[in-house]
Amino acid sequence: MVNVHGIIYAYGATPNLTELVRNRTAASIPYCGRYRLIDFALSSLMNAGIHNVGVIMQRDYQSLLDHLGSGKDWDMGRRMGGLRMLPPFGLPEYHNGNYSGTMEALNGVRTYIEDIKEDTVVMMQGNLAGNIDLEAALRNHKKSEAELTAICTDTTPEYRHHRFVPDADGFARRMVFNRYEAGEGIASLEAYIVSKELLLKLMDYCYTENKHHFHRDAIANYLEGGGRVNIYMHNGYAKRIMSTESYFRSSMESLRPEVRADLFPVERPVRTKSHEDVSTYYSESAVSRNSLISDGCMVEGEVINSVIFSGVRIGKGAKLKNCILMRGCEIGENVCLTNCIVDKYVTIGADQTLAGSPALPLVVPKFSKI
């Protein structure tokens, strides 16, 4: 077993995801027909041989608990170690309100981190849609002899992000904070490999100085003190889901074969909670083009450029285009849906028409009846 421990941040609700995170965290949002976003981080860790993982939570985590269970679907159901769910503990001030930043979240589970037996910690975001080759990243980290490695991307994120500016030797000694566009440096995916010793030092500094943020507080202080950050480039598909628009856009991108091949390579499988279901039924009137349709559905209408989760019923004469329908939805006859995100167990009666736009998709909240 590798001498590495995993930490996944799954505490953030991300307000720009609006109705999608009313009763769940961003990490537990359904994705690509059968998965949850956190499956990518868990599977990346599993594929690198990392089976001791802590998931930092704070609120609205019932759906996350239901999905993860004991962790056996990711080979993390162990008597000793394995998958551990981490609500705030250790410091009473972290039981109220929301975490102000990553360092506050880490200090909220400090006793857990102090008890980690491994020398190295991999930290990942639970809302990142991307299959990262952590085995290669760990080899790169070890070879560099660095205390801290940042996993970066050559693309430009659509949200406020931080950029490392590497020197000729491949190490970054400077950062550019809070960027919304391309520019100097390369964008961080906010996934890191760090020695446990350094992580505890950074936590001590932030707690003592009442600092809450990993980048502009902890890493900035580390760099100012002469530290250097090794850079590992992830060249594949990777998008943090930070808004309803980014979730919709990424879901539509997953319909492209090259994106799916990048997200789900054979050599690094993505596991999820197992659901045994019957095959999907397509009637003679059914039409399906460029869509992902999960098991257990009944399709009698037309489905174009859409992602359909399990247990969905689509009535005769219904027309769906550029839509995401989550588990258990029932769509009546002659319904027309365009650019819609329909959350779990929604019922839409016959002859209804709902439409959004690609830039502003219409979100139908969970359990709605229209």
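The values are calculated or read from the model by the stated rules, or taken from the named source; none is laboratory data. Quick caveat, the model's predicted, so the values are computed rather than measured. As a convention, Cβ positions derive from the backbone with ideal geometry for all residues, glycine included, and neighbour counts pool all protein chains shown. Accessible surface is based on the protein model in full, side chains and every heavy atom, while ligands, DNA and RNA are left aside. Shrake-Rupley method; radii C 1.70, N 1.55, O 1.52, S 1.80 Å.
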For Ala27, the lone unmet condition from (1) within 26 Å of Ile341 (Cα to Cα); (2) part of a loop (DSSP other than H, G, I, E, B) is (2)
Could you please find all residues in region 229-257 being open to solvent by 20 Å² or more (accessible area, probe 1.4 Å), farther than 18 Å from Leu138 by Cβ and touching a helix residue (DSSP H, G or I) at 6+ places or on another chain (Cβ under 9 Å)? Tyr237, Lys239, Arg240, Met242, Ser243, Glu245, Glu253
Which one is farthest from Ser274 (Cα to Cα), of the residues in region 76-90 that are open to solvent by 70 Å² or more (accessible area, probe 1.4 Å) and modelled with pLDDT under 90? Met80
So how many residues does region 341-362 have that are open to solvent by 30 Å² or more (accessible area, probe 1.4 Å) and among the β-branched types (Val, Ile, Thr)? 2
Out of curiosity, is Arg160 in contact with a Lys or Arg (Cβ under 8 Å, 6 or more places away or on another chain), open to solvent by 50 Å² or more (accessible area, probe 1.4 Å) and under 29 Å from Arg249 (Cβ atoms)? yes
Scope region 29-53; condition open to solvent by less than 10 Å² (accessible area, probe 1.4 Å), aliphatic (A, V, I, L, M) and in contact with a Lys or Arg (Cβ under 8 Å, 6 or more places away or on another chain); matching residues: Ile29, Leu42, Val53
Any chance you could count how many residues in region 1-36 are under 14 Å from the mean Cα position of the chain (by Cα), of a type in the set (Val, Ile, Thr) and at pLDDT 90 or above? 5
Arg110 vs. criteria within 19 Å of the chain's Cα centre (by Cα), modelled with pLDDT of 90 or more and open to solvent by 10 Å² or more (accessible area, probe 1.4 Å): no
For region 174-201 the number of residues that are of a type outside the set (Lys, Arg) and surrounded by fewer than 18 Cβ atoms within 10 Å (Cβ to Cβ) is 12
Would a scan of region 265-279 turn up a residue that is free of Cβ contacts under 8 Å to residues at least 40 places away in the same chain, within 30 Å of Ala137 (Cα to Cα) and either among the aliphatic types (A, V, I, L, M) or surrounded by 20 or more Cβ atoms within 10 Å (Cβ to Cβ) (or both)? yes
Taking Tyr99, is it touching a helix residue (DSSP H, G or I) at 6+ places or on another chain (Cβ under 8 Å), outside any loop (DSSP other than H, G, I, E, B) and at pLDDT below 95? no
Across region 54-75, what is the total count of residues that are within 19 Å of Ala105 (Cα to Cα), among the polar types (S, T, N, Q) and surrounded by fewer than 19 Cβ atoms within 10 Å (Cβ to Cβ)? 1
Consider region 202-219. How many of its residues are surrounded by fewer than 16 Cβ atoms within 10 Å (Cβ to Cβ), in a helix (DSSP H, G or I) and either over 25 Å from the mean Cα position of the chain (by Cα) or at pLDDT 95 or above (or both)? 2
